[in-house]
Amino acid sequence: MQSKHSRAMFIHSLTKTFLACLLCFMFIENTIAGAREDGLNAYKQGHYAEAIRLWLPVAKADDIEIQFNLGIMYYEGRGISQNLDEALYWFKRAAEKGDADAQAKLGKLYAEGHGVAQDYQQAEKWFRRSADQNNKNGQYNLAVLYANGFGLPQDHGLALRWYYQAALQDHTGAQFNIGHIHEHGIGVPKDYKEAFNWYDKAARKGETDAQANLGRMYFQGLGTRKDPIIAYAWFHLAAKQGIENAKKNEAYVYNQLKSSEKKQARKLAKQYLEKYSKK
């Protein structure tokens with residue numbers, strides 16, 4: 001039978017051990033937090049290799065945001081040679097712990113067969129998990145699968161539903177696709193006014209294809225009034241950003257304008273270039 005003195009010594013020893021473990025845990029936690037912050041600062045300064053060095057232990061400690069960041073850096077080859085296996089590894093670790101951005105990115109890799117065998121079922125699984133967390137990239141990409149029948153039955157209604165979810169969060173690709181769907185009547189009646197409204201939203205956020213389409217709608221008077229001056233400005237903006245058909249349309253519309261209109265068109269085009277160029 002233990003004496004009171006023995007029991008007291010045991011409790012004292014246990015307390016010291018507990019305190020030592022607690023201090024050790026606090027030290028490790030503070031070290032990881034410091035490395036996380038230092039890594040963010042290094043990244044912001046463009047010191048990508050240093051950011052990776054600092055972030056690796058943080059990611060191994062299950063910081064899902066840093067796991068996602070590492071995935072991006074390995075995927076893009078920032079601060080290190082591109083390594084799709086490492087990118088996939090870190091995206092998957094973060095995705096399995098519920099990170100919606102990582103889920104959307106992982107789904108994209110499976111959909112494109114980039115660094116992994118193409119697998120639309122896996123893509124749909126991860127896009128849906130991301131979309132269910134209201135992630136606009138997951139919603140957009142899930143809509144693309146439905147629109148094209150990739151890995152699941154083609155369903156234009158569900159595609160439009162998910163495009164709307166992403167578009168309401170300012171996903172310009174989704175906004176453009178909604179405009180395209182309504183302009184061409186894909187699964188819905190043609191509605192040029194609705195198409196115009198969504199092209200307009202996307203165009204003002206820098207979506208170049210939407211800018212080219214908006215120029216065409218202003219020139220033809222589809223869903224809006226005919227206005228060749230505004231049409232020219234949108235065509236000019238899209239052309240300057242590399243849309244080939246916009247270059248031809250820009251020249252054609254310009255040749256239709258009167259001398260006084262050409263001056264207005266050039267002035268407006270300059271304003272649009274400053275205001276609506278893709279950032």
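Observations, loosely collected:
- Within the stretch 170-186, the set of residues being surrounded by fewer than 14 Cβ atoms within 10 Å (Cβ to Cβ) and in a loop (DSSP other than H, G, I, E, B) comprises ASP170, GLY185.
- Flag for GLU274 being of a type in the set (Asp, Glu) and either part of a loop (DSSP other than H, G, I, E, B) or more than 29 Å from ALA166 (Cβ to Cβ) (or both): no
- All of (1) exposed (fewer than 12 other Cβ atoms within 10 Å of the Cβ); (2) at pLDDT below 85; (3) closer than 22 Å to ASP101 by Cα hold for LEU19 with one exception: (3).
Residues are listed down the side, and each one gets a yes or a no for (1) crowded, with 19+ Cβ neighbours inside 10 Å; (2) farther than 16 Å from ASN177 by Cα:
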residue: GLY206; (1), (2): no, no
residue: GLY215; (1), (2): yes, yes
residue: TYR218; (1), (2): yes, yes
residue: LYS226; (1), (2): no, yes
residue: TYR232; (1), (2): yes, yes
residue: PHE235; (1), (2): yes, yes
residue: ALA239; (1), (2): yes, yes
residue: ILE243; (1), (2): yes, yes
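- Residue check, ALA159 assigned to a helix (DSSP H, G or I), under 20 Å from GLN103 (Cα atoms) and either open to solvent by less than 50 Å² (accessible area, probe 1.4 Å) or among the polar types (S, T, N, Q) (or both): yes
- Among the candidates ALA210, ALA166, the residue that is without any contact (Cβ under 8 Å) to a residue 60 or more places away in the chain, surrounded by 16 or more Cβ atoms within 10 Å (Cβ to Cβ) and within 25 Å of LEU273 (Cα to Cα) is uniquely ALA210.
- A single entry from TRP162, TRP198 fulfils the requirement of being touching a Leu at 6+ places or on another chain (Cβ under 6 Å), aromatic (Phe, Trp, Tyr) and within 28 Å of ARG129 (Cβ to Cβ): TRP162.
- Meets criteria (free of Cβ contacts under 8 Å to residues at least 12 places away in the same chain and either more than 28 Å from GLN121 (Cα to Cα) or among the acidic types (Asp, Glu) (or both)) for ARG225: yes
- Pairs where the first residue, in the stretch 252-279, is closer than 18 Å to LYS205 by Cβ and open to solvent by 80 Å² or more (accessible area, probe 1.4 Å) and the second is of a type outside the set (Asp, Glu) and not in a helix (DSSP H, G or I), C-beta under 9 Å, 6+ apart: LYS275/ARG204; LYS278/LYS205; LYS278/GLY206; LYS278/GLN241; LYS279/LYS205; LYS279/GLY206
- Pairs linking a residue in the stretch 131-152 that is assigned to a helix (DSSP H, G or I) to a residue that is acidic (Asp, Glu), with Cβ atoms under 6 Å and 6 or more positions apart or on different chains, are LEU145/GLU124; TYR146/ASP155.
The values are calculated or read from the model by the stated rules, or taken from the named source; none is laboratory data. Only a predicted model underlies this, so the values are computations on that prediction, with no experimental measurement involved. Neighbour counts run over all protein chains shown; Cβ positions are idealised from the backbone, glycine included. For accessibility, only protein heavy atoms count, side chains too; no ligands or nucleic acids. Shrake-Rupley method; radii C 1.70, N 1.55, O 1.52, S 1.80 Å.
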